[in-house]
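Notes for the one structure printed next.
Laboratory data are not the source of any read-out in this text; all were calculated from the coordinates shown. These numbers come from a predicted model, not from an experiment. Cβ atoms come from the backbone with ideal geometry, glycine included; neighbour counts cover every protein chain shown.
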Amino acid sequence: MSPRHPLARDPNGSNLAFWAGIILVLTLIYSIRFTPPQAGRTQSIPAVLPMPQGAVAPPPLPANAPIPRTEERLPVVTPDEKPPVVSPTELSGAGAAIARTVPAWWQVATPLPPVNAVLVAPDGLVWAATEGGLARITAGQALLMTPDEGSFPAKPATALAHDGTSLWIGSFDGLFRSQDGRRFQRYTAADGLAHDMIWSLHWDGAVLWVGTQNGISFLLPNGRFETVTKRISNGGLADLWIGSIGKLGHYALCGNDDGLSIWDTRLPAANPSAWSTIDMFATNLAHNWILSLAVSPEGTVWAATPGGLCRLRTPVERVMSGATADWEVFNQSRGLPADRIDAVLPVGNDVWAGCTGGLARIRNGSTRVITPADGLLASDVRSLAAGSGTVWIGTSGGVQALALDLFDR
Amino acid sequence: MTRSFGLPQFVALAVLVAIIWAGFGIGGNTLRIGVIAPLTGPTSIYGISMRNGIRLAADAVNAEGGIAGQRLELVFADDANDKIAAAEAAKNLIYRDNVKLVIGTVSSDATMNVQRVCEKARIPMLTSVSTNPFITRVGFRYSFRCLTDDTVQASELASFAVRTLQLRRVAILHDSNKYGSMGARVYAARAAELGQSIVANAAFDGGTVNFTKHLESIRPLNPDGLLIWGLAQESGLIVRQARELGMRMPVLGGDGMAPAGFLDIAGPAAEGAVVTMPFNPAKGGQAARAFMERYRGAFGSDPDSFAAHGFDALHLAATALRSSVERGIPVRDALAAIASYDGVTGKGGFDASGNETRPVELARIEGGRFVPATGQ
């Protein structure tokens, strides 16, 4: 009698059930293994304090509450043993040429998901809004808080601001506020925001300004957001997407994809004469898409565009009075590594430009460029922030810090 | 004899369901492509054509075994020609649905709002319909277009108007959106270079139905040509109302007037109009004929330019995904490496900025049909 084949029919059907069970288990494992993770779910985030419906002001958190030590609970991206100055291999970034010598000016280099914004808080903590969530950088170590880990409710985090007591984090799922870096209150269109997709934030010393997918919002003292859209402004705000937002005196600067719309906030937003938009067709602005904005301490407006970095030479008051705006444009022909500029940061008399091909410092019209060959984590500089004697740089490879005194030594 | 449904039968049934579940990729053994298009509202004539072409191509790829054993799964999102909805759709497709690539959308305004989300997330976006030149002139590494842009379309139309039609004084009516305003701007610039005068250049908002005031302001200027840069619904109404007002000058337009829906709205008033026609079936040869036959079989109508470009877009996406899997490179790099391709719309390719490289065809409306224009 020949041995029976394992798959041969059994009169009782027991073999069939056995093999069917094996296949079932293997198939289920296979299916689960290759099911893509569901990102961005916020329902199961234990650390989030939900915003009560109908509330006009955020519930108060204890002022100056100490930041709890949560490192043990949160995912640590950089090992504790990591020295503050990284190795050449780490600085070179994946796939990039390894620098022969690591310049001494690099103080910190922390690999992270692509960084959309960097901020140095008044308490010295450094925050990064990344495609993966919110990161806190302290002493050269990064704590990445993500929805998947339940430590931050949204991804991507897109923008950052600090009002002196609270950290504000923009995301594509609303605006978040935190005082302790652990608990986050969420604000959405239901709270008066123009839209839940936040692209830019700016704290002007008294008011929080929010650039969204559908216009701008600003936070009123009563805790509600007031909104200005293209429709509300009767076309004064040239378009809806607000990629960058800033403030110069009583002028709100709104960077969109039809140029730079300026609102004299002394006048109602619905008054068309309260607005002026500077575009590339009527002026020498390098491009209509304003990707980033900055105002230097002495009041110079800088606009980062896909066509170059632009410095407004005409005083804003004169532009609002009808004068044609005049721009000085810095681009590849003036030594920048690329025409597309994603970030701009005035520091003292210098201006730093985050480009798609590297980082550039402009001083007295001359340019000094830093690329991955110099230890930049990645060639696309997406965000910049100033600390004490330090420039913080966010790229698609992570965050790093450059010591200004060593850079010029 | 009674037969009970016991454990063995239950397990066998579960196995069957699990195999079907896994086999059809529902469990995740798929490569997801997001598709954003207006599938409702007046501009759905573009979006539905595009969707049909994409579906046909995806079916063909899957019928041939998919990509490295993985099926293509299309995730559709309706933006209803709303740029905010388009941005939200991009966000959901990328961060919720984990698509590898986004195809879309139709309106240039909407596409620009999609491309910014894609660039931030580093997910490639390929548009097969939107023609505003800015889409590939913002230095974005993740934006691609497989359709001739308005710089080429409007320039070609201006040359034809001056050199072939001998038009000297043209009036422009354009949509106030980014598609219409940029098309009109490029045409006017090229016309000025060629010595053609633009006697009027007026904008209208999407959704306008009565163009009497626009046309009556143009008529006293005696233009010898009327350029319309807008979408099918408004353009069709403009042509009809112009003819009703006795304005008989030649009409010119961009590929916004290329869908069959324009002919339905304009009716006989469209006769003689010259439009840019990125899809000339003769250019695609046997592949185009086979595509048209399959399209007719599947949807019961002739494919238009938007269906054909959607079909090519999906094949480009599939090519990039396949190359990405086989070579272990990012999808974006695989897409950027496609310097040339041979699709149903003809031979094309991407330049260094991700833009389409080929020229555009012109068509004249004759007998209610688009016929390749001669004298180009």
Point to revise | Helix B:7-23 axis, angle to chain B major axis (alpha carbon atoms, nearest 10°) | key: 30 degrees
Practice item. Would you mind checking which residues have amide H under 5 Å from residue A:291's amide H? H placed 1.01 Å from N; only 5 or more apart, or other chain. Key: A:304, A:305
Check your understanding: Taking the highest mean first, how do the peptides A:314-321, A:291-298 order by number of other beta carbon atoms within 10 angstrom per residue?
Key -> A:291-298, A:314-321
Check your understanding: Taking H as built 1.01 Å from N, whose amide H comes closer than 5 Å to the amide H of residue A:270, not counting residues under 5 places away?
Key -> none
Check your understanding: Over all pairs of distinct alpha carbons, what does the Kirkwood formula give as the hydrodynamic radius of chain B, in Å?
Key -> 21.5 Å
Point to revise | Angle in degrees between helix B:281-299 and the longest Cα principal axis of chain B, rounded to the nearest 10 | key: 60 degrees
Revision key, fill the gap. For residue B:73, other-chain or 5+-apart residues with amide H closer than 5 Å (H placed, Pro excluded) are B:31, B:32, B:33
Review point. In degrees from 0 to 90, rounded to the nearest 10, what is the angle of the helix B:232-244 Cα long axis to the longest principal axis of chain B?
Key: 30 degrees
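Just checking the output field for B:109-118: average partner chain Cβ neighbours within 10 Å of each residue's Cβ?
Details: counts 4, 0, 0, 4, 6, 0, 0, 7, 5, 0.
Across the residues of B:109-118, the mean count of other-chain Cβ atoms within 10 Å is 3.
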**Study point:** ³J(HN,Hα), Karplus 6.51/-1.76/1.60, whole Hz, each residue of region A:369-385, x for Gly, Pro
**Key:** 10, 10, 10, x, 5, 9, x, 5, 4, 8, 7, 9, 8, 9, 7, 9, 8
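For the cross-link pairs B:91/B:178; B:91/B:213; B:178/B:347; A:247/B:213; B:178/B:213, which exceed 32 Å when the distance is taken from alpha carbon to alpha carbon? Don't jump to the answer; show the numbers that get you there.
Working: B:91/B:178 22 Å; B:91/B:213 40 Å; B:178/B:347 28 Å; A:247/B:213 41 Å; B:178/B:213 22 Å.
Cα-Cα > 32 Å for B:91/B:213; A:247/B:213; rest within.
Hey, what number do you get for chain B at 222 nm if only DSSP H runs of n ≥ 4 count, each worth -39500 (n - 2.57), divided across all residues, to the nearest 500?
On the way: 12 runs with 162 residues, N = 376.
Only helices count here, giving -14000 deg cm²/dmol.
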Practice item. Compute the Cα gyration tensor for region A:117-220, then decide on rounded, prolate or oblate, letting a ≥ b ≥ c be the square roots of its eigenvalues: rounded whenever a/c is under 1.5, prolate when a/b is larger than b/c in the other cases, and oblate in all that remain. Key: oblate
Practice item. Determine ³J(HN,Hα), in whole Hz, for all residues of region B:121-136 in sequence, where each value follows from phi through the Karplus function 6.51 cos²θ - 1.76 cosθ + 1.60 and θ = phi - 60°; x replaces Gly and Pro. Key: 7, 6, 10, x, 10, 10, 9, 10, 10, 6, 10, 4, x, 4, 4, 10
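Determine the shielding of peptide B:133-139 by partner chains: average, over its residues, the number of Cβ atoms on other chains within 10 angstrom of each Cβ.
On the way: counts 0, 5, 0, 0, 4, 10, 14.
The mean count of partner-chain Cβ atoms within 10 Å per residue comes to 5.
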Review point. In a shell of Cβ-Cβ distance under 11 Å around residue B:207, excluding residue B:207 itself, what net charge do Lys and Arg (+1) and Asp and Glu (-1) give?
Key: -3
Study note, to complete from the structure: Inter-chain shielding metric for B:90-99, i.e. average beta-carbon neighbours from other chains within 10 angstrom, reads 4
Study note, to complete from the structure: Note, region A:310-322: 3J(HN,Hα) by Karplus (6.51, -1.76, 1.60, θ = phi - 60°), whole Hz, Gly/Pro = x, goes 10, 10, 6, 8, 8, x, 4, 4, 6, 4, 5, 8, x
